[in-house]
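For reference, the structure discussed in these notes is given below.
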Amino acid sequence: MALDVVILAAGQGTRMRSATPKVLHPVAGKPMVRHVIDTAQALDADRLHVVIGHGADRVRERLADCPLHFVVQAEQNGTGHAVAQALDGLGDGKVLVLYGDVPLIRRDTLAALLDEVDERRMALLTVTLAEPTGYGRIKRNARGEAVAIVEHKDASDAERAITECNTGIMAMTADQLRRWLPRLSADNAQGEYYLTDVIAMAAAEGTAIATAQPASPTEVEGVNNRVQLARLERAHQWAEAERLMTDGVTLADPARLDVRGRLRCGRDVEIDVGCVFEGEVELGDGVRVGPYSVIRDSRVGPGCVVEAHSLLDGATLDGDCQVGPFARLRPGTQLSRHAKVGNFVETKNARIGEGSKINHLSYVGDARLGRDVNVGAGTITCNYDGAHKHHTEIGDGAFIGSNTALVAPVRVGDGATIGAGSTISRNVDDGALAVARGRQITKADWPRPRKQPKSESKE
């Protein structure tokens with residue numbers, strides 16, 4: 001049976017106190033609603049419908065890369081009214097209703113819920129809470145069957161004592177939904193069309209209501225303010241930490257880890273505190289990452305060490321490399337085996353050959369270094385002329401003295417030596433020594449200028 005997923009994402013989120021639409025606030029580096037979309041796509045849904053309202057244009061823009069059917073809820077008249085906006089676009093199979101501000105719902109939970117749905121039965125996800133204030137309560141008959149949902153504001157004292165609560169997530173057939181939605185009423189304390197009223201309609205016509213619960217209440221927690229957003233962020237990160245540790249990764253402190261994308265690790269990887277991983281990151285066997293490092297869209301080969309406070313962005317490291325501390329590897333950086341990029345070194349679009357070292361205080365961009373090159377402190381490749389980028393090439397075994405400026409385009413040959421403090425603007429042959437600096441002048445017994453004492457003020 002085909003599957004339509006309707007994601008409600010039209011709310012303003014006033015308690016967020018933000019100009020950003022609520023569903024675009026990030027959890028683990030991506031908008032909340034994107035988490036829900038990704039989970040829905042994992043169910044192999046045939047169509048994804050996103051109901052938008054406040055900040056509709058911004059939501060469309062942020063989700064432009066997703067195959068979505070957007071429908072607009074111009075007036076916020078409740079969840080039933082929101083789902084009704086998508087009614088014309090539904091197929092003839094099953095319909096699953098999700099929420100753009102409930103980002104941690106799991107695929108397995110939803111798959112189990114959908115398995116309960118057929119022409120004679122709908123399904124409702126419930127959760128049992130120790131503190132259910134604010135949630136709709138599940139009413140059951142003497143046989144234990146769910147027959148209605150009562151919203152907290154409309155509930156009696158006896159109904160408020162019920163701890164089984166509505167999550168809002170439900171599934172049914174499209175035919176069932178088409179029968180029930182037009183019969184919704186706004187005769188309640190909020191003056192809204194509650195989607196939850198379809199439960200009573202289903203019970204009244206003899207449609208069975210199957211219920212299921214998530215593995216953890218965190219799955220169905222929504223976000224209404226910054227406190228809840230932070231709580232779900234940490235819940236997500238803790239789940240990531242548990243996954244990594246189960247796979248054999250050593251985390252110095254699981255509570256101080258942020259994965260904002262996908263992190264894949266080999267055996268015996270060690271990650272210190274405060275590290276952030278963004279986009280697609282792969283760490284090979286035996287990699288060690290020092291504290292407060294950020295690694296984004298990079299592959300770090302086996303045996304590499306990334307020292308503290310380093311930033312790797314779009315970099316590729318072969319085995320047994322050393323980076324940092326306080327190094328910045330920008331997109332296009334490639335380190336061959338046993339290469340080293342040390343403290344306060346920045347690289348960009350640079351290929352560093354096997355065994356080559358840029359130990360400290362240097363910038364190497366748009367360059368290719370051969371094997372066993374030594375780059376002294378303070379070296380820079382002057383790759384930009386104000387309009388175009390130019391390339392620097394340094395051959396195998398070259399030695400670049402400290403405080404050298406290599407003015408691209410330029411080539412330093414194999415085994416060449418550059419004297420410290422040189423500005424090199426012409427190619428250097430293999431095995432040659434190049435020195436390009438002002439001639440030193442020494443004057444003996446030179447009187448250094450001195451400040452004259454201030455004259456005493458006259459009376």
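The values are calculated or read from the model by the stated rules, or taken from the named source; none is laboratory data. Values in this document were obtained by computation on a predicted structure and should not be read as measured data. For neighbour counting, all protein chains shown are included, and Cβ atoms are generated from backbone atoms with ideal geometry for every residue, glycine included. Note: accessible area is taken over every heavy atom of the protein model, side chains too, but ligands, DNA and RNA are not part of it. Shrake-Rupley method; radii C 1.70, N 1.55, O 1.52, S 1.80 Å.
Taken along its three principal axes, the alpha carbon spread of the chain comes to 106, 76, 42 Å, from the longest extent down to the shortest.
Compute the distance from the alpha-carbon center of segment 386-459 to that of segment 277-336, in whole Å. Between the Cα centre of segment 386-459 and that of segment 277-336, the gap is 31 Å. Ranked by the mean number of other Cβ atoms within 10 Å per residue, highest first, peptides 140-150, 223-233 order as 223-233, 140-150.
Its DSSP H runs of at least 4 residues, each contributing -39,500 (n - 2.57), put the calculated 222 nm mean residue ellipticity of the chain at -4500 deg cm²/dmol, to the nearest 500. Taking every DSSP beta bridge that has both ends in the chain, the antiparallel portion is near 15%. Ligands, DNA and RNA aside, residue 326 has an accessible area near 90 Å² when probed at 1.4 Å. Only lysine pairs 8 or more places apart or on separate chains count here, and in the chain those with Cα atoms under 27 Å apart total 12.
Taking a ≥ b ≥ c as the square roots of the eigenvalues of the Cα gyration tensor, segment 163-264 is classed as prolate, since a/c reaches at least 1.5 and a/b is larger than b/c.
Each peptide in 61-67, 299-305 was scored by the mean count of other Cβ atoms within 10 Å over its residues; highest first, the order is 299-305, 61-67. Listed peptides 126-134, 438-446, 51-59 appear in the order 51-59, 126-134, 438-446 once ranked by packing, highest mean of other Cβ atoms within 10 Å at the front. Ellipsoid fit via the Cα gyration tensor, segment 288-408: semi-axes of 21, 15, 13 Å, each the root of five times an eigenvalue, largest first.
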